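Below is one structure, written out as structure tokens, with a few remarks after it.
The values are calculated or read from the model by the stated rules, or taken from the named source; none is laboratory data. If you're wondering where the values come from, they're calculated on a predicted model, not measured in any experiment. Because the Cβ atoms are built from the backbone with ideal geometry, glycine has one as well, and the counts that use them run over all protein chains shown. Please note that ligands, DNA and RNA were not included when accessible areas were found on the heavy atoms of the full protein model with its side chains. Shrake-Rupley method; radii C 1.70, N 1.55, O 1.52, S 1.80 Å.
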Amino acid sequence: MLELGQNAAPAADLIKDVTEANFMADVVDASNEVPVIVDFWAPWCGPCKTLGPMLEDIVTKAKGAVKMAKIDVDQNQQLAAALAQQGLPLQSIPTVVAFVKGRPVDMFQGALPASEIEAFVNKAIEAGGGDASGGLDDALAAAEEMLAEGAIEDAAQTFAAIIEEDQANAAAYAGLARCQIAGGALDQAEAVLNGVPAEISGAAPIEAAFAQLELARQAANSGPLDELKAALAADENNHQARFDLAGAQHAAGEVEEAVTQLLELFKRDREWNDGAAKQQLFTIFDALAANDPIVLNGRRKLSSMIFA
């Protein structure tokens, strides 16, 4: 299992009070290594008291991919004047400037929502060639590879560790649920998905995991393939047999074959069992990647039938 957060820099190294004396070293020179977000503030500035902590939190979560310098403009008026001469006037505060490779590359003034501040910081990190996820994207990729290779426990532990670092990481929650599904622990998978924070409950990875969970529950009750094929061969209009065969085929890993059966059922009677064929197709599509050829071909064929 990957160990996350082991190389994170101490907060004192990430966020510093900077003055005229150390501006060159702690901002300009330091930005050649990682981007530096400079917060120009003053004790009497109300919005600064809200913006500053938000910036600090976002910078800290980036785990060393970016640093922050806090400059009290009242105590460093000569620095403010010098920056104005260099084309960086501090017309109002708070003013936040991103330095990358020794020069200012982006800025904003006034208070912004947390989401926009995070986007600003991430843009600076990417401009510096860094990883805005703080290494979590690499950890996610590693966990997915573990799961694909059958190392379910290691994958689950890695997904759980990512959630500890970022409790709004929808991909990690979905990955953890898929580990439970792969291990046959369907109730635990449902508990994971039901415990997702409300703000990400509608995210695509979560919806995909719910679809996979539903299909896994169906698979547990699927009938024998040979018997279902025989029943359908005896009566091609046995819609229940065709629907059950599709479920058994999906459970056996024959996803494309299952989609074909459901499309045929929709073609024969789209209203059968309250449109069960179309609903099952959507469940299968949701459980797969949006660019999966089975999804692309299946959606195209279904659409051609619907709008024929």
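State the number of residues belonging to segment 238-258 that are among the charged types (D, E, K, R) and either under 20 Å from A289 (Cβ atoms) or without any contact (Cβ under 8 Å) to a residue 12 or more places away in the chain (or both). Full working, then the answer.
First, the residues of segment 238-258 that are among the charged types (D, E, K, R): 242, 244, 254, 256-257.
Pick out the ones that are also either under 20 Å from A289 (Cβ atoms) or without any contact (Cβ under 8 Å) to a residue 12 or more places away in the chain (or both) and you get 254, 256-257.
Number of matching residues: 3.
Would you confirm whether any residue within segment 166-180 is assigned to a strand (DSSP E or B), of a type outside the set (V, I, T) and either out of contact with any strand residue (DSSP E or B) (no Cβ under 6 Å at 6 or more places or on another chain) or within 30 Å of V73 (Cβ to Cβ) (or both)?
Within segment 166-180, none of the residues are assigned to a strand (DSSP E or B), of a type outside the set (V, I, T) and either out of contact with any strand residue (DSSP E or B) (no Cβ under 6 Å at 6 or more places or on another chain) or within 30 Å of V73 (Cβ to Cβ) (or both).
Give the residue, chosen from A139, A124, A114, that is touching a residue at least 60 places away in the same chain (Cβ under 8 Å) and touching a strand residue (DSSP E or B) at 6+ places or on another chain (Cβ under 7 Å).
Result: A124 is the single residue among A139, A124, A114 that is touching a residue at least 60 places away in the same chain (Cβ under 8 Å) and touching a strand residue (DSSP E or B) at 6+ places or on another chain (Cβ under 7 Å).
Only one of (1) open to solvent by less than 40 Å² (accessible area, probe 1.4 Å); (2) of a type in the set (A, V, I, L, M, F, W, C); (3) in a loop (DSSP other than H, G, I, E, B) is not met by L232, so which one is it?
Of (1) open to solvent by less than 40 Å² (accessible area, probe 1.4 Å); (2) of a type in the set (A, V, I, L, M, F, W, C); (3) in a loop (DSSP other than H, G, I, E, B), only one is false for L232: (3).
Output the residue which, of all residues in segment 250-278 that are open to solvent by less than 80 Å² (accessible area, probe 1.4 Å) and not in a helix (DSSP H, G or I), is nearest to A220 (Cα to Cα).
If we take residues in segment 250-278 being open to solvent by less than 80 Å² (accessible area, probe 1.4 Å) and not in a helix (DSSP H, G or I), then A252 is nearest to A220 (Cα to Cα).
Taking A142 and the conditions (1) open to solvent by 30 Å² or more (accessible area, probe 1.4 Å); (2) assigned to a helix (DSSP H, G or I), which numbered condition does it fall short on, given that it satisfies the others?
The failed condition is (1).
Any residue in segment 11-24 that is within 25 Å of S115 (Cβ to Cβ) and over 30 Å from the mean Cα position of the chain (by Cα)?
no
Only one of A219, A211, A185 is touching a Ser or Thr at 6+ places or on another chain (Cβ under 9 Å), closer than 28 Å to L262 by Cβ and either surrounded by fewer than 19 Cβ atoms within 10 Å (Cβ to Cβ) or of a type in the set (K, R) (or both). Can you tell me which?
Exactly one of A219, A211, A185 is touching a Ser or Thr at 6+ places or on another chain (Cβ under 9 Å), closer than 28 Å to L262 by Cβ and either surrounded by fewer than 19 Cβ atoms within 10 Å (Cβ to Cβ) or of a type in the set (K, R) (or both), namely A211.
Residues checked against (1) among the small types (G, A, S); (2) in contact with a Pro (Cβ under 6 Å, 6 or more places away or on another chain); (3) closer than 24 Å to I162 by Cβ; (4) surrounded by fewer than 19 Cβ atoms within 10 Å (Cβ to Cβ):
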site	(1), (2), (3), (4)
V36	no, no, no, no
L51	no, yes, no, no
A62	yes, no, yes, no
V66	no, yes, yes, no
G87	yes, no, no, yes
V100	no, yes, no, no
A119	yes, no, yes, yes
G128	yes, yes, yes, no
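Output the residues belonging to segment 45-102 that are of a type in the set (S, T, N, Q), outside any helix (DSSP H, G or I) and either touching a Lys or Arg at 6+ places or on another chain (Cβ under 6 Å) or over 23 Å from D13 (Cβ atoms) (or both).
Those that are of a type in the set (S, T, N, Q), outside any helix (DSSP H, G or I) and either touching a Lys or Arg at 6+ places or on another chain (Cβ under 6 Å) or over 23 Å from D13 (Cβ atoms) (or both): Q86, Q91, S92, T95.
If you take the residues of segment 154-182 that are over 24 Å from E199 (Cα atoms) and free of Cβ contacts under 8 Å to residues at least 40 places away in the same chain, which of them is least open to solvent (accessible area, probe 1.4 Å)? Before you say what the answer is, go through the steps one by one.
Taking segment 154-182 as the starting set, the residues that turn out to be over 24 Å from E199 (Cα atoms) are 154-155, 182.
Adding the requirement that they be free of Cβ contacts under 8 Å to residues at least 40 places away in the same chain leaves 155, 182.
Values: A155: 0, A182: 62 Å².
Only one residue tops the list, namely A155.
Looking at (1) modelled with pLDDT of 95 or more; (2) small (G, A, S); (3) within 20 Å of H250 (Cα to Cα), which is the one condition that is false for A148?
Exception for A148: condition (1).
Can you name the residue in segment 192-229 that is assigned to a helix (DSSP H, G or I) and among the small types (G, A, S) and is also farthest from L288 (Cα to Cα) among such residues?
A198
Select from segment 279-292 the residues that are open to solvent by 80 Å² or more (accessible area, probe 1.4 Å) and either among the acidic types (D, E) or at pLDDT 95 or above (or both) and list them in ascending order. Outline the logic, then answer.
Filtering segment 279-292 down to residues open to solvent by 80 Å² or more (accessible area, probe 1.4 Å) leaves 279, 290-291.
The answer is Q279, and nothing else.
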